[in-house]
Amino acid sequence: MPLFMDVHNLEGGVTVDAVAEAHKKDLETQGAHGVSYLKYWVDEADGKIFCLVEADSAEDANTVHREAHGLVADAIYPVTEHT
C-alpha cells in the first residue's frame, strides 16, 4: 500500500497531548477508509505535526483527518521507507 507523510502547520504551537487525542480519533476513524496511521512526530513550539500513513491515496488519508477531528494536512507527500 502507498505510504504518505503529511504535514500540519498550526500557528501558536501545539501540545503533544492535543496531538495524541487527535491521533486517537484518527485510529478510530481510519478503518472505514482503508487507511492506517502509523506514527506521528510533533514540534510543539513551531506547531508542526508530521503523520506517517498508509493509504490508497492522499485524499483518503486527509478524509480520515477531516472526519476524525477536522485538522486536515497542509501538505501530503508520497514517501518510501529506507533504512
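The values are calculated or read from the model by the stated rules, or taken from the named source; none is laboratory data. Computed from a predicted model, the values in this text were never measured in an experiment. Quick reminder, even Gly has a Cβ in these numbers, built from the backbone with ideal geometry, and neighbours come from all protein chains shown. The accessibility values were calculated without ligands, DNA or RNA, using every heavy atom of the protein model including side chains. Shrake-Rupley method; radii C 1.70, N 1.55, O 1.52, S 1.80 Å.
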(request) Spot the failing condition for Asp60; the list is (1) acidic (Asp, Glu); (2) at pLDDT below 95; (3) open to solvent by less than 60 Å² (accessible area, probe 1.4 Å), and only one is missed. (result) (2)
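Of the residues Leu27, Leu52, which single one is in contact with a strand residue (DSSP E or B) (Cβ under 8 Å, 6 or more places away or on another chain), of a type in the set (A, V, I, L, M, F, W, C), surrounded by fewer than 18 Cβ atoms within 10 Å (Cβ to Cβ) and without any contact (Cβ under 8 Å) to a residue 12 or more places away in the chain?
Leu27
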(request) Scan segment 2-17 and report the pairs whose first residue is without any contact (Cβ under 8 Å) to a residue 24 or more places away in the chain and whose second residue is open to solvent by 30 Å² or more (accessible area, probe 1.4 Å) and among the hydrophobic types (A, V, I, L, M, F, W, C), with Cβ atoms within less than 8 Å and a gap of 6+ or a chain change. (result) none
(request) Give segment 30-45 a look and list any residue that's open to solvent by 30 Å² or more (accessible area, probe 1.4 Å) and either touching a Leu at 6+ places or on another chain (Cβ under 9 Å) or in a strand (DSSP E or B) (or both), or say none. (result) Ser36, Leu38, Lys39, Tyr40, Trp41, Val42, Asp43
(message) So, in segment 46-83, exactly how many residues are under 19 Å from Thr15 (Cβ atoms) and assigned to a helix (DSSP H, G or I)?
(response) 2
(message) Checking Leu71 against (1) open to solvent by 50 Å² or more (accessible area, probe 1.4 Å); (2) out of contact with any helix residue (DSSP H, G or I) (no Cβ under 9 Å at 6 or more places or on another chain); (3) among the hydrophobic types (A, V, I, L, M, F, W, C): exactly one of these is not met. Which one?
(response) (2)
